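The values are calculated or read from the model by the stated rules, or taken from the named source; none is laboratory data. Computed from a predicted model, the values in this text were never measured in an experiment. Positions of Cβ are generated from backbone atoms using ideal geometry, with glycine treated the same way; all protein chains shown enter the neighbour counts.
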Amino acid sequence: MDWGMENRLSQLIQRDGRSLFLPIDHGYFQGPTHRLEEPGKTVEPLLPYADAIMLTRGVLRSCIDPTNTKPIILRVSGGTSVVGEDLSHEGITTSVNEAIRLNASAVSTSIFVGSKYEQETLMNLAELVNQCEEYGIPVMAVTAVGRELEKREARYLALCCRIAAELGARVVKTYYCKEGFEKVVKGCPVPVVMAGGPKVDSEIEVFEFVYDGIQKGAIGVNLGRNVWQHDSSVAMIKALRAIIHEKATPKEAQKIFDDVKVTKDISYQR
Ligand code: R5P
């Protein structure tokens, strides 16, 4: 592997082989998502506990302090919105030159397997890999499910992850599923990270799925809303960090969460 590629990947995947990515890219199709109205403010107390942040160039430039941040995973696809016709109709929005200028450690694009624009999004990924490999920049493929949550089952997720890896993604982001997640990871020859999806009511649910997904081979998470939409977002990210990097069980993570929450979690002040 080229030095540059290896160096960038090592900024993302830590020495223990694990990763905690914090995505705040949701505005690229959802607009000012709840608790991400001011992304800089939301993310600031969380940054010390993240291994990398995932976001678009616009939010990076305007909301993130270039002298005090974490490795950047630059979201380079978009062009759709929640009120538009089809979320899968994405194009590449950001050039590789721009990614280099912004000192990105990786770039990411979504693929929508099984959608009307499957072929376009897969070719977006393939072309992005062609360009990024020239400069030693890893591409993270985001296996998107659009609005169809029922697609989060093992057979479908395994299909998406494998295709992303075959097209050259260096890391793949997918969703966790209770049944057969080990098959999703096993069928994907590159590291897999799990997204969190919409915010759930109880934090233990999140700790349990992250723990289980890691036992089944995922290297970590690319998890946003269940951290920063939580009233105690610092407690959430600290507890998740313990599962990912310190082998904490869901019970131990819950204890960490409770302790941090009780002491002083000032993560989000309204
Ligand atoms: C979608 O907006 C992005 O790909 C997110 O980065 C991804 O879905 C992970 O975020 P969350 O944990 O909120 O689902």
Problem - Filter pass, Ala126 being touching a Cys at 6+ places or on another chain (Cβ under 8 Å) and either surrounded by fewer than 22 Cβ atoms within 10 Å (Cβ to Cβ) or of a type outside the set (Lys, Arg) (or both) - result: no
Handout entry: Near pairs, Cβ below 6 angstrom, 6+ apart or cross-chain, from the range 189-202 (surrounded by fewer than 21 Cβ atoms within 10 Å (Cβ to Cβ)) to any residue that is at pLDDT 95 or above and among the small types (Gly, Ala, Ser)
Key = Pro189/Ala165; Val190/Ala165
Fill in the blank from the handout: Given (1) free of Cβ contacts under 8 Å to residues at least 12 places away in the same chain; (2) part of a helix (DSSP H, G or I); (3) closer than 23 Å to Leu167 by Cα, Met1 misses just (2)
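Just checking, which of Gly31, Gly17 is exposed (fewer than 15 other Cβ atoms within 10 Å of the Cβ) and either under 30 Å from Lys247 (Cα atoms) or at pLDDT below 95 (or both)?
Step by step, each of Gly31, Gly17 is checked, and only Gly17 is exposed (fewer than 15 other Cβ atoms within 10 Å of the Cβ) and either under 30 Å from Lys247 (Cα atoms) or at pLDDT below 95 (or both).
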Handout entry: Sole residue being among the hydrophobic types (A, V, I, L, M, F, W, C), on the phi < 0 side of the Ramachandran plot and away from the ligand (no atom under 13 Å from the Cβ), chosen from Ile24, Ile13
Key = Ile13
Handout entry: Residues located in the range 1-14, provided they are modelled with pLDDT of 95 or more and not acidic (Asp, Glu)
Key = Trp3, Gly4, Met5, Asn7, Arg8, Leu9, Ser10, Gln11, Leu12, Ile13, Gln14
Practice task
Could you tell me whether any residue of the range 61-77 is assigned to a helix (DSSP H, G or I) and either of a type in the set (S, T, N, Q) or within 17 Å of the chain's Cα centre (by Cα) (or both)?
Solution key: yes
Exercise for the section: Would you kindly identify the helices (runs of 4 or more DSSP H) lying entirely within the range 157-270 that contain at least 1 residues that are within 20 Å of Ala50 (Cβ to Cβ) and among the aliphatic types (A, V, I, L, M)? Expected result: 203-215, 225-228, 233-246, 250-264
Fill in the blank from the handout: Of those in the range 203-239 that are among the polar types (S, T, N, Q) and touching a residue at least 24 places away in the same chain (Cβ under 8 Å), the residue farthest from the ligand (Cβ to nearest atom) is Ser232
